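The values are calculated or read from the model by the stated rules, or taken from the named source; none is laboratory data. In this text the structure is predicted, and so the values were computed from the model without any measurement. Every residue, glycine among them, receives a Cβ derived from its backbone with ideal geometry; neighbour counts consider all protein chains shown.
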Amino acid sequence: MTKQKLTNKLMLDAFNFYHKNFKKIFSQEEEKVLSQKLLSIVKYDYLNTNANLPYIIPQNTLYLIYFICEYKKAYIHSYKTNKPTNNLESLGKGNAKKQQEFKKNLADIYDENLDKEIRFEQFFKNMLLLLLKKPSYKKVSLLLLGLFYTQYPFLKPFFNEIYKDNNERLKAINSIEYTLEFFEYTNLSSGKILNSALILIYTVLTQNLNMNEDTAYNYAKTLVNTFINNKNDFPVDSFRQAHITKQDIYYAGIYNGIPIFQWYINEKEKYFKEKDRQKLKVIINLFIKGLASEDASNEATDLEAIISKEKSILETLNNFTNDKEIDTLINSVHIQFAKLPFTLLKYFP
């Protein structure tokens, strides 16, 4: 794709696509102001002209609209006093309530009187809680939760096609979606939501649109301060460009169903330490062994046929057991999401 000049019509198409798939957050007048601001910032964008789309989509402009609107929703929700009680945020800080939730779910898993889909749901919920309730696994568990949450919209159609003739597998896959609703909100501060918005907007401008870093940083800070931080109670002016360009950026949690990224403020050491890397290796190796044993016990499947066309999934996972690949993964999670926000792209043909 080549860059083309951004127009009012293309901007309107991007907003219409967003409205078609997501709940509106800004008033018509506010959207008009945001549109004019984005037109002055982006100027040229790559156009998605897929015939199956209802509009011609300026790709990265849509990404910016999506990030601004969705982080705005998350920021507003963080200040609500009456929040849903059936999610991870409601369990508060610490691990005591997470332990209680895990035990309650375990009882449901073994209760044969419960509907199978409910038992599946509790099973997958406990798989994620198993690590989240362990303080020493916090970094690893948030990384896996963030990756799982952002990749699932992409993976679900793939698995639905593979297991379309296996009702038990389909029930399990569908139950994951209900399980993820529990993790839509993790316990974190409104300030981290603003930090994440700044990180993603800056990354779209620099990585996707090749904008000068200083210019992109000033634009990103203006967009966050003008359109997201409406309470003006957070010191956005204390942000430093080096926070994004020189510090490790990691998954801090999930909020309003979107990943929250944060920079690691300790300049003398890495966020992901050797002990965390070793924990991640152990988990991936266990997963690899599980897949290998399943492949060995089954005849050739549609899944194997698909995988054989590309690199083996086991070989791919094995790459993530060496330090270089793990470091690449950890240091690029925010860049990957800025380039491929699967929670948005699932609405594309």
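If only residues of region 152-166 that are within 21 Å of the chain's Cα centre (by Cα) and surrounded by 15 or more Cβ atoms within 10 Å (Cβ to Cβ) are counted, the one that is farthest from Tyr347 (Cα to Cα) is Phe159. Glu117: touching a Ser or Thr at 6+ places or on another chain (Cβ under 6 Å) and surrounded by 20 or more Cβ atoms within 10 Å (Cβ to Cβ), yes or no? No, not satisfied.
The set of residues in region 1-22 being of a type in the set (A, V, I, L, M), surrounded by fewer than 16 Cβ atoms within 10 Å (Cβ to Cβ) and outside any loop (DSSP other than H, G, I, E, B) consists of Leu12 alone. Do we have Asn48 as within 22 Å of Asn212 (Cβ to Cβ) and not hydroxyl-bearing (Ser, Thr, Tyr) here? No. In region 224-253, the qualifying residues are those that are hydroxyl-bearing (Ser, Thr, Tyr) and more than 30 Å from Ile326 (Cα to Cα), and the one that is modelled with the lowest pLDDT is Ser238.
Kindly indicate whether Ile288 is among the β-branched types (Val, Ile, Thr), at pLDDT 60 or above and surrounded by 15 or more Cβ atoms within 10 Å (Cβ to Cβ). Against the criterion (among the β-branched types (Val, Ile, Thr), at pLDDT 60 or above and surrounded by 15 or more Cβ atoms within 10 Å (Cβ to Cβ)), Ile288 qualifies. Please indicate, with yes or no, whether at least one residue in region 102-122 is closer than 21 Å to Leu280 by Cβ, modelled with pLDDT under 85 and in a helix (DSSP H, G or I). Scanning region 102-122, I find no residue that is closer than 21 Å to Leu280 by Cβ, modelled with pLDDT under 85 and in a helix (DSSP H, G or I), so the answer is no.
Filtering region 205-227 to residues that are of a type outside the set (S, T, N, Q) and part of a loop (DSSP other than H, G, I, E, B) leaves Leu209, Met211. Give me the pairs, please: first residue somewhere in region 45-62 and over 15 Å from Asn21 (Cα atoms), second residue anywhere and of a type in the set (Gly, Ala, Ser) and surrounded by 15 or more Cβ atoms within 10 Å (Cβ to Cβ), beta-carbon distance under 6 Å, and either six or more positions apart or on two chains. Matching pairs, first to second residue: Pro58/Ala14; Thr61/Ala14.
With respect to (1) surrounded by 13 or more Cβ atoms within 10 Å (Cβ to Cβ); (2) of a type in the set (Lys, Arg); (3) at pLDDT 90 or above, the lone exception for Lys98 is condition (3).
Close contacts from region 224-235, counting a first residue that is within 12 Å of Ala197 (Cα to Cα) and assigned by TED's automatic domain parsing to the domain that holds Phe26 and a second that is of a type in the set (Val, Ile, Thr) and modelled with pLDDT under 75, with Cβ to Cβ under 9 Å and a gap of 6+ residues or different chains, come to Val224/Val236; Asn225/Val236; Asn229/Val236. Might you let me know whether region 27-40 holds any residue that is within 25 Å of the chain's Cα centre (by Cα), free of Cβ contacts under 8 Å to residues at least 24 places away in the same chain and surrounded by fewer than 17 Cβ atoms within 10 Å (Cβ to Cβ)? No, region 27-40 contains no residue that is within 25 Å of the chain's Cα centre (by Cα), free of Cβ contacts under 8 Å to residues at least 24 places away in the same chain and surrounded by fewer than 17 Cβ atoms within 10 Å (Cβ to Cβ). Exactly one residue among Lys221, Lys164 is at pLDDT 85 or above, more than 30 Å from Gln99 (Cα to Cα) and not β-branched (Val, Ile, Thr), and that residue is Lys221. When the residues of region 178-202 are filtered to those that are assigned to a helix (DSSP H, G or I) and among the charged types (D, E, K, R), the one that is surrounded by the fewest Cβ atoms within 10 Å (Cβ to Cβ) is Glu181. Regarding Thr206, is this residue under 22 Å from Gln241 (Cα atoms) and among the hydroxyl-bearing types (Ser, Thr, Tyr)? Taking the combined requirement at face value, the residue satisfies it. Among all residues of region 77-87, there is at least one that is touching a strand residue (DSSP E or B) at 6+ places or on another chain (Cβ under 8 Å) and crowded, with 16+ Cβ neighbours inside 10 Å. Restricting Ile41, Ile65, Ile25 to those that are assigned to a loop (DSSP other than H, G, I, E, B), under 21 Å from Ala338 (Cβ atoms) and in contact with a helix residue (DSSP H, G or I) (Cβ under 7 Å, 6 or more places away or on another chain) reduces the list to Ile25.
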